[in-house]
Structure formats: structure tokens, C-alpha cells
Amino acid sequence: MPNLTARSLKATLVLEPAQLAELVVRDGVPRVELRIEVDGRLVVTDIAAKSARKALATIRGHGPDGVMAILQGKLGKGDALLEAGLVVVVQPKVPKAAAQPAQEAA
């Protein structure tokens, strides 16, 4: 089996929107530092303040149960997440009437 070399190790972290909603982004700062605990590890990163504000607005607009918060970047030495980006995606709401026939068909 050959040994391969990779340029980077990409990491995707699924965050708790309710916890992210507690984030405070001060005016005038270009970046916001985040510390994320996952499986006994502490991952440290910083993200653009603009994307943090946009994420917070989406969480407030749709509620923490109506969104998914995803942080992606390159995993560096010492559990640092480099070139990180944050997105908050609105989960589509499925009407109850439409969900029932799909369950009955299965």
C-alpha cells in the first residue's frame, strides 16, 4: 500500500446554535475568537466578525431549533482551526400533513 501525502486536514464542526447565540461580538473588531470543546479536545479559531453577526442574526430570526451552525477550516497543529468559516443554515420546516404520508409509505 503506498504512502500518500495530503496538503491539509479539513475539519467540520457542528456547533450548538443555542450556545452560539450567546456569543457577543463587539463593535469595531474585525475578528472573533472561538474556543470549541469537542471530545475532550479544545479547538481554537477566529472568524470574521461580519460572519459571526450574520450567523447570530439568522439564529435570532429562526430560533436555535430551526437552524444548523457549521464551522469549517483546516486543522493545524495544537488543535488550531485555520482559515475558519462559520455558516448558519436554516432547516426547512416540513408540514405535519406532508410528513405523515412519507412515514406511512415506509
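No lab work stands behind these numbers, since they all come straight from the coordinates. All values derive from a computational prediction rather than experimental measurement. Methodologically, a virtual Cβ is constructed for each residue, glycine included, from the backbone with ideal geometry; neighbour enumeration extends over all protein chains shown.
Assorted remarks:
- Of all residues in segment 26-48, those being closer than 18 Å to Ile70 by Cβ and surrounded by 10 or more Cβ atoms within 10 Å (Cβ to Cβ) number 10.
- Per-region count, segment 1-50, residues in a loop (DSSP other than H, G, I, E, B) and either closer than 23 Å to Gln91 by Cα or under 14 Å from the mean Cα position of the chain (by Cα) (or both): 4
- Scan of segment 13-42 for residues that are under 17 Å from Lys74 (Cα atoms) and in contact with a Gly (Cβ under 9 Å, 6 or more places away or on another chain), ordered by number: Leu13
- Annotation note: of Gly85, Gly73, Gly78, the sole residue that is within 14 Å of the chain's Cα centre (by Cα), surrounded by fewer than 16 Cβ atoms within 10 Å (Cβ to Cβ) and within 16 Å of Lys10 (Cα to Cα) is Gly85.
- Total residues in segment 68-95, condition in a loop (DSSP other than H, G, I, E, B) and closer than 20 Å to Arg31 by Cβ: 1
- Remark: Leu9 falls outside the filter, which requires a residue to be hydrophobic (A, V, I, L, M, F, W, C), under 21 Å from Gly63 (Cβ atoms) and touching a residue at least 12 places away in the same chain (Cβ under 8 Å).
- Those residues of segment 51-65 which are of a type in the set (Gly, Ala, Ser) and either in a strand (DSSP E or B) or surrounded by 15 or more Cβ atoms within 10 Å (Cβ to Cβ) (or both), in sequence order: Ser51, Ala52, Ala55
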